[in-house]
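Only one structure is covered here, and it is reproduced in the block below.
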Amino acid sequence: GAGVSQSPSNKVTEKGKDVELRCDPISGHTALYWYRQRLGQGLEFLIYFQGNSAPDKSGLPSDRFSAERTGESVSTLTIQRTQQEDSAVYLCASSRTEGYFLETQYFGPGTRLLVL
Amino acid sequence: ILNVEQSPQSLHVQEGDSTNFTCSFPSSNFYALHWYRWETAKSPEALFVMTLNGDEKKKGRISATLNTKEGYSYLYIKGSQPEDSATYLCAFLTDSWGKLQFGAGTQVVVTP
């Protein structure tokens, strides 16, 4: 079946502009995660959604970052007033069963964001 | 922020040789440890989810062991092939819902 998809695959923007990144999880996956990897650093947790529960936003680096998810489908990550330090690969992942910690997370190909 | 450390940061392996590398993680409040392989220009791919102390998992030429009491996991590649070249990530599960803390990865380059 189809995997996790993300769009756009690449995004170049100017400092101060807003950007919106999209993630389509695998159908039926109730949990959805956003991560990012800045140059030379490891994968950094940003936020996750689990079914109808309130999302865990503890990894969002500032209030310029926000994310939404429509039911158990598409999620968008919005970065307002982008800064150069926001340049990174943003990865989305989904997994089948909320609350079952043995579940593998399936990753999308990522969005490469460059803020000039 | 919990410390998940991977070493070495990178290694070069001759085709046919075996290799291994380490992931260390907090030994308290253990839920699970994930291993992923991330090839350039591709998505991270799950290798193993490990939960039990002493557990050993195997997938082809790749295997992993887990010691939750001392807080480390080893990943082994037997008879390395060029297609094994990738960054190998371990991730510590920080809660029961799937929130992962990743290590910085070990980049493996296998040369023919």
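The values are calculated or read from the model by the stated rules, or taken from the named source; none is laboratory data. This structure is a prediction, so every number in the text was calculated from the model and none was measured. When we count neighbours, we look across all protein chains shown, and the Cβ atoms used for this are built from the backbone with ideal geometry, even at glycine. Quick note on the areas: whole protein, heavy atoms, side chains included, nothing else; ligands and nucleic acids left out. Shrake-Rupley method; radii C 1.70, N 1.55, O 1.52, S 1.80 Å.
Data table
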read-out: Largest-first principal axis extents of the Cα set of the protein assembly as shown (Å); value: 49, 37, 35
read-out: Gaussian network model of chain A, Cα within-10 Å springs - most flexible of A:Ser94, A:Ser27, A:Ser53; value: A:Ser53
read-out: Karplus 3J(HN,Hα) series, Hz, for region A:27-39 with 6.51 cos²θ - 1.76 cosθ + 1.60 (x for Gly, Pro); value: 4, x, 7, 8, 9, 9, 10, 10, 9, 9, 10, 7, 4
read-out: In the A-B interface, the accessible area buried, summed over both sides, Å² (probe 1.4 Å); value: 1800
read-out: Rounded to whole Hz, the Karplus (6.51, -1.76, 1.60) HN-Hα couplings of region B:70-77, x for glycine and proline; value: 9, x, 8, 9, 10, 10, 10, 10
read-out: Per residue, in Å², the accessible surface of chain B once ligands and nucleic acids are set aside, probe 1.4 Å; value: 48
read-out: Per-residue average of Cβ from other chains inside 10 Å of B:98-107; value: 6
read-out: Mean separation of Cα contacts under 8 Å, 6 or more apart, over the residue count of region A:1-89: relative contact order %; value: 32
read-out: Violating pairs (Cα-Cα greater than 31 angstrom) within the set A:Lys15/A:Lys57; A:Lys11/B:Lys57; B:Lys59/B:Lys99; A:Lys57/B:Lys78; value: A:Lys11/B:Lys57; A:Lys57/B:Lys78
read-out: Model label zone, B:Leu11; criterion: amide N under 14 Å from point 7 Å along Cα-to-beta-carbon; scope region B:19-47; value: B:19-24
read-out: Calculated from backbone phi, Karplus (6.51, -1.76, 1.60) coupling profile of region A:59-64 in Hz, x at Gly/Pro; value: x, 5, x, 7, 6, 6
read-out: Cα-only radius of gyration and Dmax that characterise chain A, units Å; value: 13.5, 40
read-out: 10 Å Cβ neighbours from other chains, averaged over peptide B:48-57; value: 1
read-out: A:Thr78 paired with B:Asn53, simple spin-label distance in nm, labels 7 Å along Cα-to-beta-carbon; value: 4.8
read-out: Segments B:79-88, A:58-67 sorted - mean Cβ within 10 Å per residue, highest first; value: B:79-88, A:58-67
